[in-house]
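Enquirer: Just dropping this structure here.
The values are calculated or read from the model by the stated rules, or taken from the named source; none is laboratory data. Being a predicted model, the structure only gives us computed values, none of them experimental. Here the Cβ positions follow ideal geometry from the backbone for every residue, glycine too, while neighbour counts run over all protein chains shown.
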């Protein structure tokens, strides 16, 4: 098959929706930080990372995705080294050291770690698909995951660690893990969580414990302290009503009652300015992208490609659920971004890299398998 024929299979609807979400994200960030001189350069930086991310997307789509079977090991080692550098030299923000300052840009290697884990586990599981129901295989895959997660936990960054473990567990299940193994692992996870409660989560930092405590039983005077931004997020969402206050017109955002708004709480800005209708449209677009990833996975030519597409779809879906859940106060506060919308260069580039991989798999699958079903 020649290159021209391969590019004819490029998923234009998927790319178009992702591009629209990313551009809309830049616009929403601009509104969220309006009037704040400290953050005025953020939209411009996000545009730069969007351009870089689009270049990465097309680059990843250009080469047969099987090359990543060879590159996944060096990529895994590179990400592990970057995480180690963060542990030693990383800049601390909000009580955690998660960023590397390069002089030109600030990098968050934990975002790249999500992609590295998906590629590594896809290669491992596809090569051991016949031995998936074996404790040795499960243990090796867990060790590969833990080799990355360990350094992320030490930052500390619990939310990203949970995302990676969820991705591992889901990819293991998709690979054909039998029910008895799933039940045993769920029992072990429940026991671990139970012991953590009894021992007051000894592996968590104080601010992480406070987030859990404030979520379960917030103090009466906490609304002006630890839970202030969560309370303001709920007010922002509720006051948006059906159609919102209008772009750049929301008092909660423009008057800075919502203190943290351009990254983890961007969903609250969206609801405040565009209302229920606006949030439904954006969430529908994200669901479209996730479902499209699963469709690519179902029609992939091999297990390796299928696992990559499934893994990325699960990653994006889980992050979306958690981010929205935090904004609605259904979950404790985490540091997970809303895909393509929240501010964060590393997050945006990683997401676009993942889309490039999914496009790559789609382009090298049989065209007839992607033919639309008649209505």
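Enquirer: Scan segment 188-203 and give yes if some residue there is touching a residue at least 12 places away in the same chain (Cβ under 8 Å), farther than 17 Å from residue 139 by Cβ and in contact with a helix residue (DSSP H, G or I) (Cβ under 8 Å, 6 or more places away or on another chain), otherwise no.
Expert: Within segment 188-203, one or more residues are touching a residue at least 12 places away in the same chain (Cβ under 8 Å), farther than 17 Å from residue 139 by Cβ and in contact with a helix residue (DSSP H, G or I) (Cβ under 8 Å, 6 or more places away or on another chain).
Enquirer: Look through 39, 82, 59 and report the one residue that is in a helix (DSSP H, G or I) and more than 26 Å from residue 2 (Cα to Cα). Break it down stepwise before answering.
Expert: Values: 39 fails: in a helix (DSSP H, G or I); 59 fails: more than 26 Å from residue 2 (Cα to Cα).
Result of the check over 39, 82, 59: 82.
Yes/no matrix, rows are residues, columns are (1) closer than 17 Å to residue 341 by Cβ; (2) modelled with pLDDT of 95 or more; (3) crowded, with 23+ Cβ neighbours inside 10 Å:
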position	(1), (2), (3)
245	no, no, no
268	yes, no, yes
298	no, no, no
310	no, yes, yes
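Enquirer: Whether any residue in segment 169-176 is within 17 Å of residue 123 (Cβ to Cβ) and out of contact with any helix residue (DSSP H, G or I) (no Cβ under 6 Å at 6 or more places or on another chain) is what I want to check.
Expert: Yes, the conditions are met somewhere in segment 169-176.
Enquirer: Kindly evaluate residue 255 against the criterion of being under 24 Å from residue 45 (Cα atoms) and buried (at least 19 other Cβ atoms within 10 Å of the Cβ). Give the steps one after another, and end with the answer.
Expert: Numbers: under 24 Å from residue 45 (Cα atoms): yes; buried (at least 19 other Cβ atoms within 10 Å of the Cβ): no.
Spelling it out, it is not the case that residue 255 is under 24 Å from residue 45 (Cα atoms) and buried (at least 19 other Cβ atoms within 10 Å of the Cβ).
Enquirer: Against the condition surrounded by fewer than 23 Cβ atoms within 10 Å (Cβ to Cβ), without any contact (Cβ under 8 Å) to a residue 24 or more places away in the chain, farther than 30 Å from residue 211 by Cα and touching a helix residue (DSSP H, G or I) at 6+ places or on another chain (Cβ under 8 Å), how does residue 294 come out, does it pass? Even if it seems obvious, please write down each step before you answer.
Expert: Details: surrounded by fewer than 23 Cβ atoms within 10 Å (Cβ to Cβ): yes; without any contact (Cβ under 8 Å) to a residue 24 or more places away in the chain: yes; farther than 30 Å from residue 211 by Cα: yes; touching a helix residue (DSSP H, G or I) at 6+ places or on another chain (Cβ under 8 Å): yes.
Spelling it out, residue 294 is indeed surrounded by fewer than 23 Cβ atoms within 10 Å (Cβ to Cβ), without any contact (Cβ under 8 Å) to a residue 24 or more places away in the chain, farther than 30 Å from residue 211 by Cα and touching a helix residue (DSSP H, G or I) at 6+ places or on another chain (Cβ under 8 Å).
Enquirer: Right, here's the next one. Can you give me the number of residues within segment 119-145 that are assigned to a helix (DSSP H, G or I) and farther than 15 Å from residue 73 by Cα? Can you show your working first?
Expert: We begin by selecting, within segment 119-145, every residue assigned to a helix (DSSP H, G or I); these are 119-127, 129-131, 135-145.
Still in the running and farther than 15 Å from residue 73 by Cα: 129-131, 135-139, 142.
Residues flagged as assigned to a helix (DSSP H, G or I) and farther than 15 Å from residue 73 by Cα within segment 119-145 amount to 9.
Enquirer: With (1) in contact with a helix residue (DSSP H, G or I) (Cβ under 9 Å, 6 or more places away or on another chain); (2) part of a helix (DSSP H, G or I); (3) surrounded by fewer than 18 Cβ atoms within 10 Å (Cβ to Cβ) as the list, and residue 18 as the residue in question, which single condition is left unmet?
Expert: (3)
Enquirer: Being over 19 Å from residue 36 (Cα atoms) and in a helix (DSSP H, G or I) is the filter here; which residues of segment 235-266 pass it?
Expert: 235, 237, 238, 239
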